[in-house]
Amino acid sequence: MGLTQSMLCWNSKEGDIVYTQEQAQMFDCLGEWETEKGVYRLSQSEKGGYLVFTEDWPPKHKLEGILRPGSGGWWGAEIMDKNDNDAVFGYLRMQPEGSGLRTSFRKSPTHQWDPQGLFAKRRVVDIDAEKPRDV
């Protein structure tokens, strides 16, 4: 498949990963995000080209999943608990909404998505106060 200007390609260790320009915009969301339930991080994988979700709930859970583009602008991931031998914790989907991200969770693939989900705001570090703050 030939690349057009509206596509983005990474040469990862696992082969070429190609995203449309619209899908590639999710990589603008790298960083920390805060919901009423806690803080999570979006980062790019070490292998390149993958969007990684991580959330720590010390000491019990360390959640992680690789987000992949899905339908309707949603990105989805199977979430594993690193503190429980990579047991499946559930399923997450997210998409940009205004100045933040909308997430929705379900415990198993047979359950319905949470219809409301959670809205996340980007966190930035206030250099003067040296602590995270909302934007």
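The values are calculated or read from the model by the stated rules, or taken from the named source; none is laboratory data. Please read all numbers here as calculations on a predicted model, not as lab measurements. Cβ placement follows ideal geometry from the backbone for every residue including glycine, while neighbour counts extend to all protein chains displayed. The accessibility values were calculated without ligands, DNA or RNA, using every heavy atom of the protein model including side chains. Shrake-Rupley method; radii C 1.70, N 1.55, O 1.52, S 1.80 Å.
Computed packing ranks the peptides 53-62, 77-86 as 77-86, 53-62, most packed first, by mean other Cβ atoms within 10 Å. In sequence order, segment 79-89 has phi-based couplings of 9, 10, 9, 5, 7, 10, 6, 6, 5, 5, 8 Hz under the Karplus curve 6.51 cos²θ - 1.76 cosθ + 1.60, θ = phi - 60°, and Gly or Pro positions carry x.
Would you mind putting 88-101, 22-35 in packing order, based on average other-beta-carbon counts within 10 Å, highest first? Provide the component values of the computation, followed by the final result.
On the way: 88-101: 17.5, 22-35: 15.6.
Going by the mean number of other Cβ atoms within 10 Å, highest first, we get 88-101, 22-35.
Rolling a 1.4 Å probe over the protein heavy atoms of segment 32-122, with every protein chain left in place, gives an accessible area that is 48 percent carbon and sulfur. Can you give the translational diffusion coefficient of segment 29-88 in µm²/s, computed by Stokes-Einstein from the Kirkwood radius over Cα pairs at 25 °C and 0.890 mPa s? Here the translational diffusion coefficient equals 201 µm²/s. For the pair segment 29-70 / segment 72-91, the C-alpha centres are spaced 10 Å from each other.
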